[in-house]
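All remarks here apply to the structure that follows.
The values are calculated or read from the model by the stated rules, or taken from the named source; none is laboratory data. As the structure is a prediction and not an experimental result, all values here were calculated from the model. Cβ atoms come from the backbone with ideal geometry, glycine included; neighbour counts cover every protein chain shown. Just the protein is used for accessible areas: all its heavy atoms, side chains included, with ligands, DNA and RNA removed. Shrake-Rupley method; radii C 1.70, N 1.55, O 1.52, S 1.80 Å.
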Amino acid sequence: VQLQASGGGLVQPGGSLRLSCAASGSIFSINAMGWYRQAPGKQRDLVALITSGGSTNYADSVKGRFTISRDNTKNTVYLEMSSLKPEDTAVYYCKLRQMSVDYWGKGTLVTVSS
């Protein structure tokens, strides 16, 4: 299984950005995909998670600002980020969990700065 994330970049505070992560390989129909982030000097934390059935879970810090979605036909998960704040600056990683195994993609850097 391979995960390819894209969409990071530099954005001003209050701006928006969309991340995408496409999974390839042996993907089972029942799984969960999510986004995590890691700021410099901090641990990697959950941002948002979505199951193959569409159930979602968000970190409190992003509720109301970020939206996770997925296209099961493309094995792709998206993260729509709006009202971005400097504290959202981090490397964002996507993860696929299936059959109790976690697969991670390479991170994509999101920098929120004026």
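Descriptive notes on the structure:
- When the solvent-accessible area of the chain is split by element, carbon and sulfur atoms take up 48 percent of it, the probe being 1.4 Å.
- Distant-in-sequence amide H partners of VAL47 (H built 1.01 Å from N, under 5 Å): TRP35, TYR36, ARG37
- Value in Å of the Kirkwood radius, where the chain supplies the Cα pairs that are averaged: 14.0 Å
- Unit charges at the beta carbon, dipole of the range 15-73: most positive-side option, ALA59, GLY41, SER24: GLY41
- In order along the range 32-42, the phi-based Karplus estimate (6.51 cos²θ - 1.76 cosθ + 1.60, θ = phi - 60°) of 3J(HN,Hα) comes to 10, 10, x, 10, 10, 9, 9, 8, x, x, 10 Hz; Gly and Pro are listed as x.
- Taking every protein chain into account, the 1.4 Å probe leaves VAL91 with about 40 Å² of accessible area, to the nearest ten.
- Using only side-chain charges placed at the Cβ, +1 for Lys and Arg and -1 for Asp and Glu, the dipole size of the chain relative to its Cα centre rounds to 80 debye.
- Largest GNM mean-square fluctuation across ILE50, ILE27, ILE68, computed for the chain with C-alpha springs under 10 Å, falls on ILE27.
- Within-9-Å neighbourhood charge of MET81 [Cβ basis; K, R +1; D, E -1]: 0
- Charge sum, other residues only, whose C-beta stays under 10 Å from ALA32's C-beta, Lys/Arg counted +1 and Asp/Glu -1: +2
- DSSP beta bridges fully contained in the chain are about 95 percent antiparallel.
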